[in-house]
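Okay, so here's the structure we're looking at.
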Amino acid sequence: MGKRGWILLGTAVPVLALLALLTWASVKSGGVPGGFGVNTEFGQVEVLSDTPRDFSLETLDSEQLVLSQLRGKVVMLDFWSSWCPPCRAEAPVLSQVYAEYDGKSVEFIGISIWDRKDAVLSHVDEYSVPYPNGIDGDGRIAIDYGVTGIPEKFFIDSDGRVVKRFVGPMNAGRLRSILDELLADHAKGASG
Amino acid sequence: MLNARRSSIFPVALATAFAAVTLLALVAFPSTGFAQDGSLPSSGPPTGSYNEDEAQGIDRMLMCPVCPAESIDQAQVELARQMQQKVRELLAEGYTRQEVLDYFEERYGPKVLAAPPKTGAHIWAWVLPIGSVLLGTGAGLVILRSMKRPSAARQTVQEQGDEDLQPYLEEVDRGLAFDDPATAAGSSPPPEEPNG
Amino acid sequence: MLVVAGMLALLCAIAVLHPFLRRDPPGDAETDSDNAAGYAELESMLDSIQTLQLEHQIGNIPEDTFREHLQTYRLEAASLLRRIDESRVPDPEQDLERQVLLARLASNGVNGTWLVCAGCGEQLMGHGEACPVCGQSQSTTARRTEGARRVEEGEGGEDPLAGLRREAGTTPLDDSEE
Amino acid sequence: MADLGAMCVWIALALASYGAVGSVLGKMRGSSELVVSAQRASHLTVLALTVATLSLVTLFINRDFEVAYVAAHSDIAMEDYFTWVAFYAGNEGSLLYIAFVLSIMAAVAVWRAPAATQETLPYTNGVLMVVLTFFLAVIGFMANPFDKLPFIPLDGEGINPLLTHFGMFFHPPALMAGLIAASIPLAFVLGSLVGGKTSDQWLDAARVWGIISWALLACGLLLGSWWAYTILGWGGYWFWDPVENAALMPWLGLTAFIHSVMVQKRRGMFRMWNIVLINVAFGLALYGMFMNRGGSVPSVHSFGESTLGWIFLLFLAVGVIVPFAVFFWRYNKLKSDRDLDSMLSREAAFLINNLLLLAIAFVTLWGTVYPLLSQLFIGEEITLARPFYDQMNGPIFLALIFLMGVGPLLPWRQATWAAVRRSLLVPSIAAVAVIVVLMTVGIWKPYALAGFALAAMVTTGVLQDWARGAGSTAKARGENYAAAFVHLVWGNRPRYGGYIVHLAVVMVALGVVGTSFFNIQRDVALAPGESVTVRDYEVRYLGTTEEFKGNRTEYLSRFEVHKNGEFAYLMEPGRHFYPSFNMASTRAAIHSTPVEDLYLVTSENMADGSVGVRILVNPLIWWMWVAGPVMVAGTLIALWPQPARIPVRAPSLLTVPGPRPQTTGPGPA
């Protein structure tokens, strides 16, 4: 191969590789790049650590709620904010499903982040949220869980492991199926 | 002559060596100089004692998870402020810089780091560009050296012997206002003097 | 609004079609760009010589290297001139071009920095203390070349060739370094 | 108005595509009528696009919200003078702006083309019109700013608050114009190659337009940094954001090109290398546009989501592959005329400078694509942000500044070691002196020391060169030093213009080193009446006033600054909160001196009247903003056309051609 051939090769390979990479990235994102904000991934996302980080949260009723004391129950942690439209949209759904599972071994905890107290109170009032809610004022819990957007949900099974993590709002059907699945696992574990 | 030739490569070699050494030094000792003078009073949150400059250095190495391409030092959102606060708390608890970074990486994944660690698969992020740059610079210098030929003198003699050129040469000389090109411009290349 | 747009479209169409409808077709627009490139090269050679002088004047080039390089440029300029002549078709515009360049060569005694030794008439290139030929100290006795004197005294006046040169379409956007 | 604008876009598209096809066909078939006609069509795109641009401006001024673009980027509350900014606040307007600028530049470039390029000018024009056709087609078919909404909204969505800043009047247009201007040198090179002119025909035109593009990008980058400094509210100016990188990379490529092209001009060397460089610079400019107008990387500059990713990717592929294909097609005819005389020469220094610049560009490119690479190969999307670029590019920049100090001291062709030592003596002493002085005052940071020492070296080198030149000119012309200096600079504009630009680069370097290594930052919350002391500044918070203005709430906080115990001045940083965007823009208060800036920005206004405020002391950053005008001045001096010098009549020379009788009389002297 002559000098020309070498130069041709040395130019063509990186250029074509770069173009191929950019094409791949565009195909992957459907030609639409990620714009403002990072929560382009909606739905179920990977759980980074299955051990839930314990916390103590002061609820709106001024009670101390400690996560580790709920061991044995299926727990859903919901990080939300009163100014976030999807959170407001799913608030009735959450309340309704919570009521449906009343009496079963299920607990919901709402953790409001990046919010103001009066706004949180009026939100809880407006949607008559039945489950305990608290404000994570300095973001300690949110950071501990690596929350990158709202709403974001973590499901903890009765053995105290984080098993599922969801970004974005959720409909009632989906929520029920997850809870049922976790309760079934719990029953299996209890019987077996 | 030998001396002159050797010394002629010297500054080039010096520049290259300079670039290579500083490049390696920076990679080997990351984040030198990005901290500030530690003598300044801190007015951060009143938790324990920590080095504010160290904290600011860490702020710059953590990406804001909810913002596009901004570190928590830059981002103007609440989460970034909370993360800054957390950095300071951890430092006050005695965490080292690396431990603080690990703390956040454990929670947010490697995406939260402004630059990946120089270990594991991410070593390629650092090694490959350095390698390419050194390789490219080396190749460039080799090509440059190969272009070097003592051609000027040969060409001069050759053209000088060309009788047909004489009228044009005179035209140029007259243009340059040399009355006598032989004395003014030197008819033959003078011997190269020894260096010095 | 659409009327305005339509008129604009019509205007464009007329202007675009006009060259085909003209009775006398436009002359051959092609010029000899090889020669033009040759002249451009000659110009940049002038710049090279000027830069060489400046470097020498500043002291970045020793005398012998200066002379050697000057000699090379001289020869290159000559062979370039010959090459241009050989490939040349008679053309008044190009004659003019050549005149301008040669005139520029002549005035390249560059902006008055070229001196003639008062002792022997030797053209001095550097600004050493003494003339290399006769040894006369130049700082007090050197006189300027005719060209430089005229430039300074304003005898040259407006460049009569500049306008023509522009018409010949050869004014490069500039000819410069860095 | 919207109809007129849309019509004009279509007219321009027709003219540009006809111009492209007609130029090339006419040249190939030897039909001068067709060439002339195509040329006219190309020039007429300027007219059509001027009308289109004015239409859009009028639509904005009338707040014609029926037009989707106007509704999306302005509202009733917007001041009229922001129309200019709103014009390119989104993709559609930006593309129209780019097309408009390109049509003007193409017309000027073709009209003022040097004689050497005349023969292949139709091809050059063809290339430019292909580029213009692309942009106009995208505007017409995919992103038309004149598209109408099916209804007329009562008010527009408003302009992005981050854009309502003085810097925005110049930063985006300068960058976009710089990026698109890179196509002109490429068009000259490609035109010459396609036309079989494989010598230096394209040289002058490519060089001049390369410098114009370079200067526009340089201004755009500096203004962008200034905008970030004053408005983004964190006190920095550059953070290797993907979009900043997108503009930096072609600038680096062009910097390499405008240096290297001088070697070709002076010495007839590096011809192939220069063609490769301009191809690379153009490719990087296209990559920059791809990232700006629909890239696949997140950035604070992602002002609007775009569906143009695919089409710009295609354009990038074509724009990189075709020029390289033409280069390889003509490869065998492109040999250099001359060989290198010595490794110790200006030529060699330029080549090393090229390599370093390309190294920075490569590292930067690597950083921008690494998130994609890591996703592909490791499965995690990893960002490479500021620490990566600082660590990788910092040393290369230092090496580049070192070369900037040495290179200009080397003469063309060959330097003797003795002469170089002589020239380097004073700059080296200055560098060492700076290091010693700084170490005695207690500054031991190695990078800061290296940075300041190199800055001192470059500055002394340039000043020494000026002093020597002025000295010898003064002696030769019998003038005083000042007049001699002016003559010297004016007589060698390109050289000294370049040196002035070098000084501007040193000024930028001072700012970068000063702020990177010596800045002080404090984030505090203050209630009215409270104060905080940062080094010798005591900053006392007085209070905040709140004002509701149509689309925003403006908070203005007042601070009293005492220096060394005495009242110094008042500072009033502002913060504008835009409910419709749920975001705030900040207006930092900056007290700027050549030594250091005191920078105050409020980050939060609390209900009880207290504020979160960031206080910064940024040393030497003043020099960075002053560098901008200096750089422009240097570029203008370098580019100022040199008129034909006053001819001295030498009649014997004017009879051409043929051998001349030997003259024995006195020469012209």
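The values are calculated or read from the model by the stated rules, or taken from the named source; none is laboratory data. Model, not experiment: these values are computed from the prediction. Every residue, glycine as well, gets a Cβ built from its backbone with ideal geometry; the counts of neighbours run over all protein chains shown.
In segment D:379-388, of all residues being part of a helix (DSSP H, G or I) and buried (at least 23 other Cβ atoms within 10 Å of the Cβ), the one that is modelled with the lowest pLDDT corresponds to D:Arg386. When D:Ala470 is tested against (1) among the small types (Gly, Ala, Ser); (2) touching a Phe, Trp or Tyr at 6+ places or on another chain (Cβ under 8 Å); (3) within 8 Å of chain C (Cβ to nearest Cβ), exactly one condition is not met: (3).
Selection of segment A:114-137 for residues being at pLDDT below 85 and within 19 Å of the chain's Cα centre (by Cα) yields A:Trp114, A:Asp115, A:Gly137.
Residues that are assigned to a loop (DSSP other than H, G, I, E, B) and polar (S, T, N, Q) within segment A:61-75 comprise just one, A:Ser62. In the set (1) under 20 Å from D:Leu286 (Cβ atoms); (2) in contact with a helix residue (DSSP H, G or I) (Cβ under 6 Å, 6 or more places away or on another chain), the condition left unmet by D:Pro173 is number (2). Within segment D:553-609, the set of residues being at pLDDT 85 or above, of a type outside the set (Val, Ile, Thr) and within 28 Å of the chain's Cα centre (by Cα) comprises D:Arg587, D:Ala588, D:Ala589, D:His591, D:Ser592, D:Pro594, D:Glu596, D:Asp597, D:Leu598, D:Tyr599.
Every residue, every condition in (1) facing another protein chain (nearest Cβ under 9 Å); (2) part of a helix (DSSP H, G or I); (3) surrounded by fewer than 23 Cβ atoms within 10 Å (Cβ to Cβ); (4) small (Gly, Ala, Ser), yes or no:
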| site | (1), (2), (3), (4) |
| --- | --- |
| D:Arg413 | yes, no, no, no |
| D:Ala430 | no, yes, yes, yes |
| D:Val434 | no, yes, yes, no |
| D:Leu438 | no, yes, yes, no |
| D:Gly442 | no, no, yes, yes |
| D:Val458 | no, yes, no, no |
| D:Gly461 | no, yes, no, yes |
| D:Ala476 | yes, yes, no, yes |
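Scanning segment D:508-527 for residues that are in a loop (DSSP other than H, G, I, E, B) and within 11 Å of chain B (Cβ to nearest Cβ) returns a single hit, D:Asn519.
In summary, B:Val142 fulfils each of the numbered conditions (1) surrounded by 12 or more Cβ atoms within 10 Å (Cβ to Cβ); (2) more than 30 Å from B:Ala69 (Cβ to Cβ); (3) at pLDDT 80 or above with the single exception of condition (1). Within the set D:Leu365, D:Leu357, D:Leu372, the sole residue that is touching a His at 6+ places or on another chain (Cβ under 9 Å), of a type outside the set (Phe, Trp, Tyr) and in the same structural domain as D:Phe290 (by TED's automatic domain parsing) turns out to be D:Leu357. Applying the condition of being touching a Leu at 6+ places or on another chain (Cβ under 8 Å), within 7 Å of chain C (Cβ to nearest Cβ) and of a type in the set (Val, Ile, Thr) to segment D:11-53 and asking which residue is surrounded by the most Cβ atoms within 10 Å (Cβ to Cβ) yields D:Ile11. Taking every residue in segment C:72-95 that is at the interface with another protein chain (Cβ under 9 Å from one of its Cβ atoms) and under 19 Å from D:Arg267 (Cα atoms) and pairing it with any residue that is modelled with pLDDT of 70 or more and in a loop (DSSP other than H, G, I, E, B), at least 6 positions away or on another chain, the pairs with Cβ-Cβ distances below 9 Å are C:Thr72/D:Arg413. Taking segment D:563-591 on its own, how many of its residues are among the polar types (S, T, N, Q) and touching a strand residue (DSSP E or B) at 6+ places or on another chain (Cβ under 8 Å)? Residues that pass the stated criteria total 2. Out of all the residues in segment D:85-95, is one or more closer than 24 Å to D:Ser23 by Cα and over 21 Å from the mean Cα position of the chain (by Cα)? Scanning segment D:85-95, I find no residue that is closer than 24 Å to D:Ser23 by Cα and over 21 Å from the mean Cα position of the chain (by Cα), so the answer is no. Being buried (at least 22 other Cβ atoms within 10 Å of the Cβ) and away from chain C (no Cβ under 13 Å) is the filter; apply it to segment D:104-128 and report the residue that is nearest to the chain's Cα centre (by Cα). By that ranking, first place goes to D:Ala106. Please work out if D:Ala483 is assigned to a helix (DSSP H, G or I), hydrophobic (A, V, I, L, M, F, W, C) and surrounded by 20 or more Cβ atoms within 10 Å (Cβ to Cβ). No; evaluated as a whole, the condition is false for this residue.
Scanning segment D:515-557 for residues that are farther than 24 Å from B:Gln85 by Cβ and among the aromatic types (Phe, Trp, Tyr) yields a total of 4.
The conditions of being surrounded by fewer than 21 Cβ atoms within 10 Å (Cβ to Cβ) and farther than 22 Å from D:Val613 by Cβ are not met by B:Val100.
For the residues C:Ala9, C:Ala15, C:Ala40, C:Ala5, the requirement of being of a type in the set (A, V, I, L, M) and modelled with pLDDT under 80 singles out C:Ala40. The set of residues in segment D:528-545 being within 11 Å of another protein chain (Cβ to nearest Cβ) and not charged (D, E, K, R) consists of D:Ser531, D:Val532, D:Thr533, D:Val534, D:Val539.
Run down D:Leu351, D:Leu398 and say which single residue is modelled with pLDDT of 85 or more and under 26 Å from D:Ile275 (Cα atoms). None of the others qualify; the one that does is D:Leu351.
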